[in-house]
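Some notes on the structure that comes next.
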Amino acid sequence: MSVGETVVSVQGPETAAVVETRLLHKMHRAATCLLAEAAQKPAAPSAALEELRDFVVAALRHHHESEDDVLWPQLTAADPAAATGLAELEAEHDALDASLDALADASVRDGAGRAPLISAAVAVRDLVHTHLEHEEPLLLPALEAHMSDDAWAQFSRAVIASAPPVGAHLNIGFFEQVGSPAELAVVTANLPPAALDLVPAMREQAEATLRSLKATEQDLKATEQGRTVTA
């Protein structure tokens, strides 16, 4: 190579495993952030708050169980050197499960009296964000190196089939908020046809829930005033 010659590194497209995992992690970050923020709003509707709380608990538990029980063994078989790092991530899952238990047990009340919920939601948010900072530098390269698109599709379909139905529409709502069209195409490619038919209705339901949780107290007052005027 001569002096001054530029070397251009050309990387191919990311694998489906990396794209879907990164999008899922963005969704987990967004969902836990919104829950922690909404819990601190006295005007946040308790029904919508409970809906999001139950979704976060169910989705994170299922996600970590799928990794611990299925994905980690596959990656360890492909690369035994990854076993130590994956075991450390599994230990973090155990710690997060304890925080999810506290979040699931916290009462969701209108207005005041949400201190236990706020504390639990903030704890889960912080643990999830820290855990993903630890996980992604290990997991994403391992998926890139060892998980073919066909193998990932098989894993992804199995995870979708076993996913709890709790707040399933919020998956769609958050994915569309944090994902690009290309990322969404990768995720929806593994949905069964019956689920694809439900996406428009699920999107509408999710938008209503998320909109109510993101609304400020002024927004809610303006909406109520509008109803009074038209009544």
Long-range neighbours under 9 Å by Cβ, at least six apart or interchain, first residue free of Cβ contacts under 8 Å to residues at least 60 places away in the same chain within segment 127-140, second among the β-branched types (Val, Ile, Thr): 127/32
Here is a list of conditions, (1) at pLDDT 95 or above; (2) under 20 Å from the mean Cα position of the chain (by Cα), and residue 161 meets all of them except one; can you say which number that is? (1)
Condition check for residue 82: surrounded by 17 or more Cβ atoms within 10 Å (Cβ to Cβ), without any contact (Cβ under 8 Å) to a residue 24 or more places away in the chain and part of a helix (DSSP H, G or I): no
Close pairs from segment 180-195: first farther than 11 Å from residue 23 by Cα and β-branched (Val, Ile, Thr), partner at pLDDT 85 or above and part of a helix (DSSP H, G or I), Cβ under 8 Å, at least 6 apart: 188/196; 188/199
When you go through 58, 112 one by one, which is the residue that is modelled with pLDDT under 95, out of contact with any helix residue (DSSP H, G or I) (no Cβ under 8 Å at 6 or more places or on another chain) and among the small types (Gly, Ala, Ser)? 112
Every residue from segment 204-223 that is at pLDDT below 95, closer than 24 Å to residue 31 by Cα and charged (D, E, K, R): 214, 217, 219
Search segment 98-126 for residues being surrounded by fewer than 14 Cβ atoms within 10 Å (Cβ to Cβ) and free of Cβ contacts under 8 Å to residues at least 40 places away in the same chain, and hand back the single one that is nearest to residue 33 (Cα to Cα). 126
Looking at the structure I just gave you, is residue 142 surrounded by fewer than 18 Cβ atoms within 10 Å (Cβ to Cβ) and modelled with pLDDT of 90 or more? no
Within segment 102-150, can you find the residues that are among the basic types (Lys, Arg) and within 30 Å of residue 189 (Cβ to Cβ)? 125
So for segment 49-72 (the condition being under 30 Å from residue 151 (Cβ atoms), in contact with an Asp or Glu (Cβ under 6 Å, 6 or more places away or on another chain) and free of Cβ contacts under 8 Å to residues at least 40 places away in the same chain), does at least one residue qualify? yes
Breaking point among (1) touching a helix residue (DSSP H, G or I) at 6+ places or on another chain (Cβ under 8 Å); (2) modelled with pLDDT of 95 or more, for residue 69: (1)
Against the definition (touching a residue at least 60 places away in the same chain (Cβ under 8 Å), within 24 Å of residue 77 (Cβ to Cβ), touching a His at 6+ places or on another chain (Cβ under 9 Å) and in a helix (DSSP H, G or I)), how does residue 144 come out, yes or no? no
Every listed condition ((1) at pLDDT below 95; (2) surrounded by 13 or more Cβ atoms within 10 Å (Cβ to Cβ)) holds for residue 226 save (2)
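The values are calculated or read from the model by the stated rules, or taken from the named source; none is laboratory data. Bear in mind the structure is a predicted one, so any value in this text is a computation, not a measurement. A quick note on method: Cβ atoms are made from the backbone with ideal geometry, for glycine too, and the neighbour counts reach across all protein chains shown.
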